[in-house]
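Student: Just passing along the structure, written as structure tokens.
The values are calculated or read from the model by the stated rules, or taken from the named source; none is laboratory data. The structure presented is a predicted model; accordingly, all values stated were derived computationally and were not measured. Cβ: placed from backbone, ideal geometry, glycine included. Neighbour counts: every protein chain shown.
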Number of protein chains: 4
Amino acid sequence: MPAPYRHHRRVEFRDTDAAGIVHFSVFFNYMEEAEHALLRKLDFSVLAQDENGAFSWPRVAVKCDYRSPLRFGDEFDVDVSVAKLGRSSVTYAFRFTLRETVIAEAEIVAVCCRLGAGRPTPIPVPEPLAEKLRGMIIK
Amino acid sequence: MPAPYRHHRRVEFRDTDAAGIVHFSVFFNYMEEAEHALLRKLDFSVLAQDENGAFSWPRVAVKCDYRSPLRFGDEFDVDVSVAKLGRSSVTYAFRFTLRETVIAEAEIVAVCCRLGAGRPTPIPVPEPLAEKLRGMIIK
Amino acid sequence: MPAPYRHHRRVEFRDTDAAGIVHFSVFFNYMEEAEHALLRKLDFSVLAQDENGAFSWPRVAVKCDYRSPLRFGDEFDVDVSVAKLGRSSVTYAFRFTLRETVIAEAEIVAVCCRLGAGRPTPIPVPEPLAEKLRGMIIK
Amino acid sequence: MPAPYRHHRRVEFRDTDAAGIVHFSVFFNYMEEAEHALLRKLDFSVLAQDENGAFSWPRVAVKCDYRSPLRFGDEFDVDVSVAKLGRSSVTYAFRFTLRETVIAEAEIVAVCCRLGAGRPTPIPVPEPLAEKLRGMIIK
């Protein structure tokens with residue numbers, strides 16, 4: 001079974017709020033950083049270009065379950081894996097851990113889209129990337 | 001049937017990203033603003049105090065489905081209603097619209113918790129607030 | 001003497017940090033919101049278009065002196081005036097007040113620039129706007 | 001002459017705005033990250049505790065001159081040095097570079113303050129830290 005991609009991060013001060021913990025919206029920024037780090041590792045950029053122009057990965061659905069707070073200075077891990085791969089879409093699964101504790105579990109569904117004037121249009125995930133992502137599916 | 005609470009907002013420049021649209025994480029900040037505006041309208045503060053100390057509303061689960069992008073300068077509405085009311089928890093439902101278009105639909109589950117050293121502990125939603133929120137449940 | 005433009009704002013929860021106050025970087029977002037509100041009131045958009053393409057207002061210098069903190073829920077005012085008007089540049093002066101207290105004083109120097117591939121190029125402030133801004137110079 | 005402390009950073013997607021570049025307010029978050037990394041390297045925490053309670057470093061003045069934009073994915077350096085050391089205050093100087101290009105130069109004046117109810121009160125910079133910071137003054 002493939003191992004998830006592990007992204008290591010420290011909680012910076014601006015990530016916190018007046019409740020003394022990381023604001024719940026910031027977890028989605030952490031996830032995006034981890035996703036982009038994974039794409040870089042796979043030699044893909046999140047803002048890519050092919051012979052037909054630019055394409056990128058708008059999000060169509062996200063969710064997060066929070067189990068335990070993160071605080072300023074905490075060093076934690078975000079494990080990214082692929083939960084599902086469609087023709088145009090990738091469902092990433094995220095698991096946040098701080099030492100032995102699960103902090104949060106989450107999902108982002110991103111759709112590969114041609115950018116341009118007007119609404120983004122879904123296009124197939126480029127095959128070289130699809131192949132690598134397929135190898136990261138955790139059943 | 002009760003009407004949802006409507007929060008009006010303009011997209012500020014810092015809400016956007018290099019894709020030219022509002023970053024998906026920012027929708028959660030918009031939701032929180034709308035939730036807090038609703039609580040103020042119901043005469044409650046999100047950081048409240050009773051004879052036993054401070055209590056607040058950590059989030060345990062959130063999700064959002066994105067249907068259409070928001071851009072700099074757009075003026076949109078966030079409609080908040082109560083989807084479910086538990087002993088300690090409130091599930092808020094959010095619907096973003098820009099003119100006639102549905103932009104996003106989302107949910108936040110918040111749990112009423114006593115704050116202090118260590119982990120927040122769930123406490124019952126204060127009855128006066130529970131009564132008002134019950135009146136906002138949309139079936 | 002011309003009156004500054006007054007922008008009214010409430011501190012939202014995401015604006016705060018674990019020190020329980022508004023993060024110092026957020027004051028610059030408040031300033032930008034006030035500047036954009038002023039431009040709208042003068043019938044100009046911050047991302048404008050003329051027959052030669054798009055132009056906007058990159059910042060070349062900013063500063064802020066902080067006198068007193070802002071906290072969650074505070075409702076404060078940002079007064080914007082024009083400190084200096086150059087051929088391509090506008091120096092905005094900002095003054096934050098909470099009830100009678102001065103919270104912060106700040107400046108942003110923005111330069112009117114043609115956008116496009118490569119580095120933004122300064123262009124003269126469009127005369128209709130320059131005229132209005134000249135009327136807001138506070139000596 | 002002492003070398004500045006160098007902090008390496010990548011531009012994340014949420015740091016950008018619809019102009020396609022890093023939002024000017026985000027530079028202050030980068031500076032704070034660099035300052036905190038320096039304090040950690042000197043074995044100090046930005047939220048410290050002594051026998052009289054908690055103390056920290058509210059900012060009283062900041063400024064930044066922007067020379068060139070940063071874009072998504074750029075990997076840049078922030079060099080931190082000490083420009084001035086007062087009894088209670090530290091003036092940090094920051095220099096952002098991307099490969100050979102100077103991106104921005106900036107300053108933050110932070111004041112060592114006892115926290116608690118009411119306004120923060122300045123206290124002397126703890127001597128062990130003052131000594132280390134004195135060694136970083138660049139004339």
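Student: Answer yes or no: is there a residue in the stretch A:103-117 that is free of Cβ contacts under 8 Å to residues at least 40 places away in the same chain and farther than 25 Å from A:H8 by Cβ.
Tutor: yes
Student: With respect to the numbered conditions (1) small (G, A, S); (2) under 24 Å from A:E75 (Cα atoms); (3) at the interface with chain C (Cβ under 9 Å from one of its Cβ atoms), which one is the sole condition not fulfilled by D:A18?
Tutor: (2)
Student: Quick one: in the stretch D:79-92, which of the residues that are in contact (Cβ under 8 Å) with a residue 60 or more places away in the chain and of a type outside the set (V, I, T) is surrounded by the most Cβ atoms within 10 Å (Cβ to Cβ)?
Tutor: Among them, the one singled out is D:Y92.
Student: Still on this structure: List the residue pairs whose Cβ atoms are under 6 Å apart, where the first residue sits in the stretch D:30-47 and is more than 17 Å from A:R9 (Cβ to Cβ) and more than 9 Å from every other protein chain (Cβ to nearest Cβ), the second is in a loop (DSSP other than H, G, I, E, B) and modelled with pLDDT under 95, and the two are 6 or more positions apart or on different chains.
Tutor: Hits for this filter: D:L39/D:V46.
Student: B:P128 fails exactly one of the following numbered conditions: (1) within 13 Å of another protein chain (Cβ to nearest Cβ); (2) out of contact with any strand residue (DSSP E or B) (no Cβ under 6 Å at 6 or more places or on another chain). What is the number of that condition?
Tutor: Only one criterion in (1) within 13 Å of another protein chain (Cβ to nearest Cβ); (2) out of contact with any strand residue (DSSP E or B) (no Cβ under 6 Å at 6 or more places or on another chain) is unmet by B:P128, namely (1).
Student: Could you check B:V11 against (1) among the β-branched types (V, I, T); (2) within 14 Å of chain A (Cβ to nearest Cβ); (3) over 15 Å from the mean Cα position of the chain (by Cα) and say which number it fails?
Tutor: Among (1) among the β-branched types (V, I, T); (2) within 14 Å of chain A (Cβ to nearest Cβ); (3) over 15 Å from the mean Cα position of the chain (by Cα), B:V11 violates only (2).
Student: Would you say D:I108 is of a type in the set (A, V, I, L, M, F, W, C), over 30 Å from A:L47 (Cβ atoms) and either touching a His at 6+ places or on another chain (Cβ under 7 Å) or surrounded by fewer than 16 Cβ atoms within 10 Å (Cβ to Cβ) (or both)?
Tutor: No: the conditions fail for D:I108.
Student: Which residue pairs have Cβ atoms closer than 9 Å, lie 6 or more positions apart in sequence or on different chains, and pair a first residue in the stretch C:66-78 that is surrounded by fewer than 18 Cβ atoms within 10 Å (Cβ to Cβ) with a second residue that is polar (S, T, N, Q)?
Tutor: C:R67/C:T101; C:S68/C:T101; C:R71/C:T16; C:G73/B:S45; C:D77/C:T97
Student: Check A:N29, A:N52 and return the single one that is under 25 Å from B:R59 (Cβ atoms) and among the polar types (S, T, N, Q).
Tutor: From the options A:N29, A:N52, the qualifying one is A:N29.
Student: Just give me the residues in the stretch A:66-93 being hydroxyl-bearing (S, T, Y) and outside any loop (DSSP other than H, G, I, E, B), in sequence order.
Tutor: Once the filter is applied, which keeps residues that are hydroxyl-bearing (S, T, Y) and outside any loop (DSSP other than H, G, I, E, B), the stretch A:66-93 yields A:Y66, A:S81, A:S89, A:T91, A:Y92.
Student: Another question about this same structure. How about the stretch B:16-30: which of its residues are assigned to a loop (DSSP other than H, G, I, E, B) and in contact with a Ser or Thr (Cβ under 8 Å, 6 or more places away or on another chain)?
Tutor: B:D17, B:A18, B:A19, B:H23, B:S25
Student: Specify the residue that is farthest from the other protein chains (Cβ to nearest Cβ); the eligible residues are those in the stretch A:48-65 that are over 30 Å from A:V102 (Cβ atoms) and assigned to a loop (DSSP other than H, G, I, E, B).
Tutor: Once the filter is applied, the top-ranked residue is A:E51.
Student: Against the condition at pLDDT below 95 and either within 23 Å of C:P2 (Cα to Cα) or part of a loop (DSSP other than H, G, I, E, B) (or both), how does C:A110 come out, does it pass?
Tutor: The answer is no for C:A110.
Student: Across the stretch A:69-114, what is the total count of residues that are polar (S, T, N, Q) and under 16 Å from A:R59 (Cα atoms)?
Tutor: 3
Student: In addition: Somewhere in the stretch B:90-103, is a residue at pLDDT 95 or above, among the aromatic types (F, W, Y) and over 13 Å from the mean Cα position of the chain (by Cα)?
Tutor: Scanning the stretch B:90-103 turns up no residue that is at pLDDT 95 or above, among the aromatic types (F, W, Y) and over 13 Å from the mean Cα position of the chain (by Cα).
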